[in-house]
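Read-outs: derived from the displayed coordinates by stated rules, not from any lab. Computed from a predicted structure; not experimentally measured. A quick note on method: Cβ atoms are made from the backbone with ideal geometry, for glycine too, and the neighbour counts reach across all protein chains shown.
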Amino acid sequence: MHEKTMKEMQNEVDTYIGQFKEGYFSPLAMMARLTEEMGELAREINHTYGEKPKKSTEKEKLIEEELGDVLFVMICLANSLNIDLQEAHDMVMDKFNTRDKDRWTRKD
């Protein structure tokens, strides 16, 4: 199976959203949605690794599914603002590899 590049993922989401008249939500609405999805991810991580067990009535969800939801909304937000996520990633990695290069203890 072909692994998708970030550009391909952004194009796939854009094609999906493009089939609807409503298009992308506003940046503020997507920020609220991203916050909501992050809360759902936090809840799953807390159930799996934390001290808060699931209620017997709660639906079983996977951390992978919640991460996928976060990624989808993040791609929607980036697309709506014409942000290339590969370029954003490269910018951040450059920052980590220059400004923060001596911040953490290196493995021998």
**Fill in**
L28: passes all of (1) more than 20 Å from L85 (Cα to Cα); (2) exposed (fewer than 12 other Cβ atoms within 10 Å of the Cβ) but (1)
**Fill in**
When every residue in the stretch 8-62 that is polar (S, T, N, Q) and more than 15 Å from the chain's Cα centre (by Cα) is compared, the one farthest from N79 (Cα to Cα) is S56
**Asked** Using beta carbons and a limit of 8 Å, which pairs, at least six apart or on different chains, have the first residue in the stretch 1-27 and over 17 Å from A88 (Cα atoms) and touching a residue at least 40 places away in the same chain (Cβ under 8 Å) and the second one part of a helix (DSSP H, G or I) and charged (D, E, K, R)?
**Response** F25/R33
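Output yes when any residue across the stretch 42-60 is among the aromatic types (F, W, Y) and surrounded by 11 or more Cβ atoms within 10 Å (Cβ to Cβ), and no when none is. Please lay out each step first, then the result.
Initially, the stretch 42-60 is screened for residues among the aromatic types (F, W, Y), giving 49.
Narrowing further to those that are surrounded by 11 or more Cβ atoms within 10 Å (Cβ to Cβ): none.
No, the conditions are met nowhere in the stretch 42-60.
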**Asked** What pairs come up if the first residue lies in the stretch 87-102 and is at negative phi and surrounded by 10 or more Cβ atoms within 10 Å (Cβ to Cβ), the second is of a type in the set (D, E, K, R) and not in a helix (DSSP H, G or I), and their beta carbons are under 9 Å apart, counting only those six or more places apart or on different chains?
**Response** F96/R103
**Request:** Check whether at least one residue in the stretch 68-83 is surrounded by 12 or more Cβ atoms within 10 Å (Cβ to Cβ), charged (D, E, K, R) and closer than 30 Å to R43 by Cβ, and report yes or no.
**Result:** yes
